[in-house]
Amino acid sequence: SVDGAAVYAANCASCHQANGLGLAGAFPPVAGHAAELVAEQGRDYLPLLLMYGLQGQIVVQGASYNGVMPAWSALSDDELAAVTNHMLETWDASALPDDHTSYAAAEFAAVRGQDLTAADILERRNP
């Protein structure tokens, strides 16, 4: 199986930091925020976010960010599921609903190839 912590360290930590807390004003936290996104945006939002990236103005925990997160579609569906589960289960486990189940690679495969852009993902987030 794929090690989600290793995928995070190799691809995400340079911006979101090893502890998931981000860098104030530059990169938003994923720790303490990923579960909020699932609750607010729906289960398919994180797969869409990782697959297509995000560009533009967002507010996370009261702080404004205006940057670019690249699309991570070059990673395999297994890697994307593993890193998503790592973030949720390492930092946000207590915020997940009791009926939460780990993400499966198939959930990433299902959103692959939809020809969406980082701007489309912003629009979904901030309608």
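The values are calculated or read from the model by the stated rules, or taken from the named source; none is laboratory data. Please read all numbers here as calculations on a predicted model, not as lab measurements. To get the accessible areas, we keep the full protein, side chains included, count just its heavy atoms, and leave off ligands, DNA and RNA. Shrake-Rupley method; radii C 1.70, N 1.55, O 1.52, S 1.80 Å.
Residues with amide H under 5 Å of residue 96's amide H, sequence separation 5 or more or different chain, H placed in the peptide plane at 1.01 Å from N; which?
Answer set, sorted by chain and number: none.
How many angstrom lie between the C-alpha centres of segment 1-28 and segment 39-84?
About 12 Å separates the Cα centre of segment 1-28 from the one of segment 39-84.
Using only Cα positions of segment 1-53, each an equal point scatterer, no hydration layer, compute I(q)/I(0) via Debye at q = 0.26 Å⁻¹ and quote the log10 values to two decimals.
So the normalised log intensities work out to -1.16.
Using only the heavy atoms of the protein chains and a 1.4 Å probe, how would 108, 27 rank by accessible area, largest first?
My answer, sorted largest first, is 27, 108.
Output wanted: per-residue J couplings in Hz (rounded whole) for segment 44-57, from phi through Karplus 6.51 cos²θ - 1.76 cosθ + 1.60, θ = phi - 60°, x for Gly and Pro.
Taking θ as phi minus 60°, the curve returns 7, 5, 4, x, 5, 4, 5, 6, 10, x, 8, 9, x, 7 Hz for segment 44-57.
Hey, can you grab everything whose amide H is under 5 Å from the amide H of residue 54? Only 5+ residues off in sequence or another chain; H modelled, so Pro and N-termini drop out.
Correct list: 69.
In square angstrom, what is the accessible area per residue of segment 15-57 with a 1.4 angstrom probe?
Here the residues of segment 15-57 average 41 Å² of exposed surface.
Based on Cα positions only, what radius of gyration and what Dmax would you give for segment 25-127, in angstroms?
Rg and Dmax of segment 25-127, Cα atoms, are 13.0, 34 Å.
Helix-derived [θ] at 222 nm for the chain: sum -39500 (n - 2.57) over DSSP H runs of at least 4, divide by residue count, nearest 500?
Helices in the chain give a 222 nm mean residue ellipticity of -12000 deg cm²/dmol.
Using amide H atoms built 1.01 Å from N in the peptide plane, name the residues 5+ places from residue 17, or on other chains, whose amide H lies under 5 Å from its own.
Those qualifying (amide H under 5 Å, at least 5 residues apart or on another chain) are 22.
Using θ = phi - 60° and the Karplus relation 6.51 cos²θ - 1.76 cosθ + 1.60, list the HN-Hα couplings for segment 97-112 in order, rounded to whole Hz, with x at every Gly or Pro.
With the stated coefficients, segment 97-112 comes to x, 4, 8, 5, 10, 4, 5, 10, 3, 4, 5, 7, 4, 5, 9, 5 Hz.
So how much slack lies between residue 73 and residue 126, counting 0.36 nm per residue of separation and subtracting their Cα-Cα distance, in nm?
Difference between extended and current length: 16.9 nm.
Express the C-alpha Rg of segment 35-74 as a ratio against the empirical globular expectation 2.2 N^0.38 Å, rounded to two decimals.
1.20
Any idea what the relative contact order of the chain is, in percent, if you count C-alpha pairs under 8 Å spaced at least 6 apart?
Relative contact order comes out at 30 percent.
Quick one: with all protein chains in place, what share of the accessible area of the chain is carbon or sulfur, to the nearest percent (1.4 Å probe)?
Here carbon and sulfur together make up 54 percent of the probe-accessible area.
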